[in-house]
Amino acid sequence: MTATVDAPPATNETDEVVDFLRRLAGMLSGGRNAVMLLEAATMIEDLFRRATTAEQSLHEQQEDNARNLQLREVAEVASDNLAGEVNSLKAQLTESEASVEKQRNYFVEETRRLAALADEAKAKIAESNDRLLRVNAEIEELRNPSPAPIDESIAIVPLESLQLARTQFGYLAQDFAKNGDVVSQTICEIGARAIDKALAGEAN
């Protein structure tokens, strides 16, 4: 709120009035009128000084208010900019948190998937080992048949069984090759060759 103050009279005019009152008081031969004129001159000077001081104070206050208003406007602009930066940082933080959560979920799922693949691989290895043991046992049995008193015209193992086993080894080798199971494929191929030798009459 701005106060309105009437401007005091100019210094020259005030001095002229004060001088006139004092000269007029000097022209009087004492008495109450002369005293009143001198008091009026003194009061006018005092009021003029007070009015000048008040005007100067008002001017300084107006300048301070203007500076404060400018500072307030600058502060409001800075506050708006800061609020915008804060909102932008909040949005970036939210986006970063979402990205981190997405990556964490991906790593968790990937870990689970790899663990499942590892378990599956372990199961396949165990299954392949069991199959290898069985095939090795069968091959060893074919290579070293138990001696038994039999007629020389009769084979130890029926030819149909050997041929059937040879065919099964061939099918298994093909299936393992399609699945990429090289170990099992090799085992079946070894078994097939052993049966081929047995069928051909080649003793090991």
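Per-structure values
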item: Extreme residue, modelled with the lowest pLDDT, among residues of region 104-150 that are of a type in the set (Val, Ile, Thr) and within 52 Å of the chain's Cα centre (by Cα); result: Ile125
item: Residue match in region 29-50 (condition: touching a Pro at 6+ places or on another chain (Cβ under 6 Å) and either aromatic (Phe, Trp, Tyr) or surrounded by 11 or more Cβ atoms within 10 Å (Cβ to Cβ) (or both)); result: yes
item: Residue in region 12-31 that is part of a helix (DSSP H, G or I), hydroxyl-bearing (Ser, Thr, Tyr) and in contact with a helix residue (DSSP H, G or I) (Cβ under 6 Å, 6 or more places away or on another chain) present; result: yes
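The values are calculated or read from the model by the stated rules, or taken from the named source; none is laboratory data. From a predicted model like this one, the values you see are computed outputs, not experimental measurements. In this analysis, Cβ positions are derived from the backbone assuming ideal geometry, glycine residues included, and neighbour counts consider all displayed protein chains.
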